[in-house]
Amino acid sequence: MTELLLDVRQLTKRFGSPAAGFLAVDNISFGVREGEIVGLLGPNGAGKSTTIFMLLDLISPTSGEIRIFGGDYRHNRDAILQKLNYSSTYVEMAPRLSVYENLLVMARLYQVPDEKKEISTYVDKFGVREFLGAQFHTLSAGQKTRVVLCKAFLNHPALLLLDEPTASLDPDVALLVRQEILESRTRGMTVLITSHNMAEVEEVCDRVLFINHGKIVSEDTPVELARKVRHIRVQLMMKDGQKRTVAFAKKAGFPVEEKDRFVTIEVDEGDIAYLLASLADQGVEYRQISIDKPTLEDYFIKMLGGGV
């Protein structure tokens, strides 16, 4: 087994007093191995960003241990930060410096070899060149995010922490980001990413940690988490028997919706054959059928609705 590149043990963060404060992160433990892309998912306020900030040593844990590259911040802070980087939609850079000046400062802080070449590479990858001379504070939210992403990849980090990295990006730029994440993994980069874009997580992540109320409540691959949602959506484009179909679904206890000539029925995976056979027995005819298996988004919604 590959050694853990990130090892988190019993990590806890409480803001305020034990009696009246807020427990943001509640005794979580997890590991990330070299070359993995791991998603940290959960609703707003679940503890995701607080966890990321502790991994960056921006806030101190109340208790617990963080080991990165085999060391901790108390004894190896400079060495850890040199091989680490971070991006978020909500990060700001020096407002009065130009985009190029900001990137140049960051490249020198990270001691990036051939800094101008690296800056040029990522400026082109993320479509930043057209506003390279603009002061950072004049940029739109999406433009700022692209600049921060350039910064995040500049030093070819061994570990990249991404907090909602594509939240303010157009779909075409978000696609470039996902491609860069996957390509960088082939060069040995490890990634921990938070995102509310479930399709994005399914595309790039090897494994998902689901956090809620400060606790990790589940952990698995995106595919296996989706499989824990057993309900399947069967959508029929009706030719004849729409009312009979809706009536049968309601009588059988299946959630059903109808819109124009389409009827969508939610059933357990094991009941699909029963549904279709029953509709055939009633002489129902449909022009087309689609069967949509659960996705990670379905699992996310189920978890927020009280479990799976």
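The values are calculated or read from the model by the stated rules, or taken from the named source; none is laboratory data. What you see is a predicted model, and the numbers here were worked out from it, not measured in a lab. Cβ sites come from the backbone with ideal geometry, for glycine too, and all protein chains shown count toward neighbours.
Here are the numbers:
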read-out: Residue in segment 61-84 that is in contact with a Phe, Trp or Tyr (Cβ under 8 Å, 6 or more places away or on another chain) and under 14 Å from L154 (Cβ atoms) present; value: yes
read-out: Of all residues in segment 198-223 being assigned to a loop (DSSP other than H, G, I, E, B) and surrounded by 20 or more Cβ atoms within 10 Å (Cβ to Cβ), the one that is farthest from the chain's Cα centre (by Cα); value: G214
read-out: V223 modelled with pLDDT of 90 or more and touching a helix residue (DSSP H, G or I) at 6+ places or on another chain (Cβ under 9 Å); value: no
read-out: Answer residue from segment 231-268, given it is surrounded by fewer than 15 Cβ atoms within 10 Å (Cβ to Cβ) and under 16 Å from Q288 (Cβ atoms) and is farthest from the chain's Cα centre (by Cα) among those; value: D240
read-out: Failed condition for T194, given (1) under 19 Å from S49 (Cβ atoms); (2) at pLDDT below 90; (3) of a type in the set (S, T, Y); value: (2)
read-out: Candidate set from segment 82-107 (those that are farther than 30 Å from D7 by Cβ and among the charged types (D, E, K, R)); member that is surrounded by the most Cβ atoms within 10 Å (Cβ to Cβ); value: E101
read-out: Single residue of segment 1-40 satisfying the filter (surrounded by fewer than 16 Cβ atoms within 10 Å (Cβ to Cβ) and of a type in the set (A, V, I, L, M)) that is farthest from S60 (Cα to Cα); value: M1
read-out: Failed item in (1) buried (at least 20 other Cβ atoms within 10 Å of the Cβ); (2) touching a strand residue (DSSP E or B) at 6+ places or on another chain (Cβ under 9 Å); (3) over 19 Å from E183 (Cα atoms), with A79 passing the rest; value: (1)
read-out: Close pairs (9 angstrom Cβ cut-off, 6 or more residues apart or separate chains): touching a residue at least 40 places away in the same chain (Cβ under 8 Å) and of a type in the set (A, V, I, L, M, F, W, C) in segment 107-126, buried (at least 19 other Cβ atoms within 10 Å of the Cβ) and not in a helix (DSSP H, G or I) anywhere; value: A107/N155; V112/N155
read-out: Helices (runs of 4 or more DSSP H) wholly inside segment 73-148 containing at least 1 residues that are modelled with pLDDT of 95 or more, of a type outside the set (F, W, Y) and more than 23 Å from F53 (Cβ to Cβ); value: 99-109, 115-125
read-out: Within segment 149-177, tally of residues that are in a helix (DSSP H, G or I) and either crowded, with 19+ Cβ neighbours inside 10 Å or of a type in the set (A, V, I, L, M) (or both); value: 11
